[in-house]
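Peer 1: Quick one: the structure is below, questions incoming.
The values are calculated or read from the model by the stated rules, or taken from the named source; none is laboratory data. This structure is a prediction, so every number in the text was calculated from the model and none was measured. All Cβ positions, glycine included, derive from the backbone under ideal geometry; neighbour counts span all protein chains shown. For accessibility, only protein heavy atoms count, side chains too; no ligands or nucleic acids. Shrake-Rupley method; radii C 1.70, N 1.55, O 1.52, S 1.80 Å.
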Amino acid sequence: ESIRIKAPQLATNLDAAAKASSVAYTAIINYTCQSIQQSQMHQKLLHHTIIPPGPLAAFRRHTPKAKASAHNLSRSATMAEAVERLWPLICFRRRMKEAQSINTFSIHILGSDGVECSSEELVRKAVGPFVRWLDAALHSGALSSAGESATPTVDTLQVEFSGPNMPDFILGREVDLLPQSNTQSKGLSSAKAIFQRREYHESVKDGDATAPDLAIAFNAGIWGYDSWKPTLAFMLSKDTTHDDESKDECGTLFVITAYTVEECEDDADVVVEVAGEVGTKRKDASTSKVAHQIWAPEPNPFSSRLERKTASAPQGR
């Protein structure tokens, strides 16, 4: 089933609501939260709006081949799941930011290093499947909301990898993520990866300084590195695309993964801590107004099935 906004008042008035006060933004956040809570994880492994049936099956099976496939597809599948969950909110936010005329869908991957960026081949291995799946979902209309007026036109994808340990050789490069044979009229016409060596809160020297549609950090260890706190404060302080206070509530959609649920919970505690600090610096701002938890820490249905020894994992896990 396509992702569709089932509440008629939200579907028919989405453009108008985007121009309204923070009440409308809170309403779409609540709707997104409720939709996620009502979805059943076991059904995700049987049918997914973005992930095709073949790759999806790797996350249900327990053969060595399936586990190896799931390991290779984990990051792309996690990105697909994040986009599926957050799509109604992403559409709404683009209208709040008056971005409906911008056809580029932007994803920032924070804390990137040689794990995924030591070669162009590794970059394509990490996110290439997601690009192909998103292209197919856009082409088929699976990501359409209720009515064209509520759905942003997307024909370009930009994935920015950033991190202080980005390898030298890849800086300044653009990696084409679309198959050369892609000539379809709908879907993506362009998909590029770009690379920045910086902490995310540092200024951009060459590149797009606007806030992304989605930011994600894979196995970031936010709980263990204080260097993440300025980045979180930067994301929470304001929408980086605007200077006026009226746009502050847009912020950044940020998905964080961890090796274990315990680490994920610790990461969430740090986000709450930083949100509290940011809130005290803003007039009439509580933690709940600075940050919204769209879903609580939970096991990732699209995690790798290959065991990795982790200090924080309970015995037997």
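Peer 1: Show the residue pairs meeting these rules: Cβ distance below 8 Å; 6+ apart or different chains; first residue within the range 167-183 and closer than 16 Å to residue 113 by Cα and hydrophobic (A, V, I, L, M, F, W, C); second residue open to solvent by 60 Å² or more (accessible area, probe 1.4 Å) and at pLDDT below 90.
Peer 2: none
Peer 1: For a quick check of your reading of the model, give me the residue pairs whose first member lies in the range 291-306 and is in contact (Cβ under 8 Å) with a residue 24 or more places away in the chain, whose second is assigned to a loop (DSSP other than H, G, I, E, B), with beta-carbon atoms closer than 7 Å and at least 6 apart or on different chains.
Peer 2: 300/257; 301/45; 301/59; 302/59
Peer 1: Another question, if that's okay. Any idea which of (1) part of a loop (DSSP other than H, G, I, E, B); (2) open to solvent by 40 Å² or more (accessible area, probe 1.4 Å); (3) of a type in the set (Ser, Thr, Tyr) is the one residue 26 doesn't satisfy?
Peer 2: So residue 26 meets the others, but not (1).
Peer 1: Further question: For the range 48-73, what are the residues that are buried (at least 22 other Cβ atoms within 10 Å of the Cβ) and either touching a residue at least 40 places away in the same chain (Cβ under 8 Å) or in contact with a Ser or Thr (Cβ under 8 Å, 6 or more places away or on another chain) (or both)?
Peer 2: 50, 51, 58, 59, 70, 73, listed by residue number.
Peer 1: Output the number of the condition that residue 199 fails; it satisfies all remaining conditions of (1) of a type in the set (D, E, K, R); (2) within 11 Å of residue 111 (Cα to Cα); (3) at pLDDT 95 or above.
Peer 2: If we test residue 199 against (1) of a type in the set (D, E, K, R); (2) within 11 Å of residue 111 (Cα to Cα); (3) at pLDDT 95 or above, just (3) comes out false.
Peer 1: Which helices (runs of 4 or more DSSP H) sit wholly inside the range 208-317 and have at least 3 residues that are at pLDDT below 70?
Peer 2: Answer list for the range 208-317: 287-290.
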